1. In a shell of Cβ-Cβ distance under 14 Å around G382, excluding G382 itself, what net charge do Lys and Arg (+1) and Asp and Glu (-1) give?
2. Under the Karplus relation 6.51 cos²θ - 1.76 cosθ + 1.60, θ = phi - 60°, what is the ordered set of whole-Hz ³J(HN,Hα) values for segment 116-133, x standing for Gly and Pro?
3. Can you list the HN-Hα couplings for segment 426-442, worked out from phi with the Karplus curve (6.51, -1.76, 1.60; θ = phi - 60°), rounded to whole Hz and with x for Gly and Pro?
4. As a test of the formula, what do you get for the chain when each DSSP H run with n ≥ 4 contributes -39,500 (n - 2.57) and the sum is divided by the residue count, at 222 nm and rounded to the nearest 500 deg cm²/dmol?
5. So between K260 and T30, what do we pick up on full extension, going 0.36 nm a residue minus the alpha carbon distance?
6. Going by average Cβ neighbours within 10 Å, how do the peptides 72-79, 242-249 rank, with the highest at the top?
7. Using packing as a proxy for protection, rank 106-115, 264-273 so that the peptide with the highest average count of other Cβ atoms within 10 Å comes first.
8. Between W296 and K324, how many nm apart are label points set 7 Å from Cα along the C-beta direction?
Amino acid sequence: MILICKNLIFVLAIIFLSAFNVNANDDVATALKSSHVFGYAKAMYVADDKKGGRLNQSTAGFGGKIGIETGEYDGLKMKGAWYTTQDFGLSSNNPKKVDAYMFGLNKKPYSILGEAQFQFNYGDNKVIFGRQGFSSPMIESYEYRIIPNLFEAYTLINNSIDSTTVTFSYVNKMSGLDGLESFSNFRSMSQQSYTSLMVTPNHVVDAKNGDTIDLSKVIKNHGVLIGGLKYKKECELQLWNYYGVDSINTLYLDGKFNQKFHSDLSARFDIQAYRVSPVGKFNKYLTQMGLNADYWLSGIRTTLIHAPSGWSVAVAYNQFTGNKYTVTANGNWGGYPEFVAMPYVYPENLGVSGVAASHLRKVTAMLDLGPYGFKGQSVIFGHARININESILAGSDIIVNSLIYKAKLTPKLSTRLAMESRNSGNQRYNNKFIAMSLLYDF
């Protein structure tokens, strides 16, 4: 299979170069011969102990990716990768007993050509065309199962300014576990967008019997224009704007700086904020229904680090604005930059969001086991309180206790164990969860 893929890339590259009257000379042959194979193999097990009479879930998944990247000729190279997630016949025949994110939306295994791109490097500039991974605060590949979010995009990255990276991109489509319409196919960003608004076929708000609105049926199929700036030197700052054509605009800002008290003790301070606002046809649609999607998130986090012991402790706070008419519309394209993770909260009855006007707090204790002879291993303990506005979703506050163990067993082999317990007066958010994974990179 690897030989077939290499030969295919050879042919495609020669055709592409020939189109620009570039001779397939020794330099081209050298670039093609320096092609390398990359990827990962991953095994996972997820169990979800649900309360309130809901069926428990127990799911094993196996898969990963295999890709080929050519060497570089005159700044040009090509890259492609195939992804798969399989159950080897171990999944339950009852979809309700299968994890919602291990496979496709239909709870069935799938495979996908997730990367297929041309890269061109010129000086301090890199241009990427085609299917690719993407990393930013609000649009992120985010590998929390086996196949990450992937995107069809046109991206320019510039590093000509000292300590600064500037990114411009137009993201047209996405696939992956944060997609609303499909995990296993690339669909438009507007079609894959999540909003908390649930309506009946005749557009009546009904969080009990309705379905989450498909934005593409309101605004057609569009992408997202992105501009981002990251600065990293004495401190770190980043500013991003995401303009979803006829859907939502999100302006994001965060920053961090470190303070050293003495050789053993230091602190890190983080701040963040983002503003969501509807634009174009989506804004008109909400206005006609007497709703809005205008809200802010703000947050602060302080981390105290004691290097010799391996201990660090962080305290974080986030707050959402909004009211009972505010629809949560965050794109849901894999970016979850909040310091305190908000569980997926459903609107209920005639409500349009469970997130608006909520307050989130979290204390995290992290232990690096390296000083105790366990290099590359760490344990993270977390306690979070999600206070949901009573006038929007009564009796649904959530307490989350979590434990994460991570270990780099060899330079290529790593493992991760995550356990989480949620407690709430609302049975939707009352469950215990465990996820284990073994990852081999090559």
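The values are calculated or read from the model by the stated rules, or taken from the named source; none is laboratory data. Bear in mind the structure is a predicted one, so any value in this text is a computation, not a measurement. Positions of Cβ are backbone-derived with ideal geometry, glycine not excepted, and every protein chain shown enters the neighbour counts. To get the accessible areas, we keep the full protein, side chains included, count just its heavy atoms, and leave off ligands, DNA and RNA. Shrake-Rupley method; radii C 1.70, N 1.55, O 1.52, S 1.80 Å.
1. Spelling it out: positives minus negatives among the neighbours equals +4.
2. 7, 8, 9, 10, 10, 10, 9, x, 8, 10, 10, 10, 10, 10, x, 6, 7, x
3. Running phi through 6.51 cos²θ - 1.76 cosθ + 1.60 with θ = phi - 60° gives 8, 4, 4, 10, 10, 6, 10, 9, 9, 9, 10, 9, 10, 10, 10, 8, 9 Hz.
4. -2500 deg cm²/dmol
5. 77.9 nm
6. Listed from highest to lowest mean packing, they are 242-249, 72-79.
7. Listed from highest to lowest mean packing, they are 106-115, 264-273.
8. 2.4 nm
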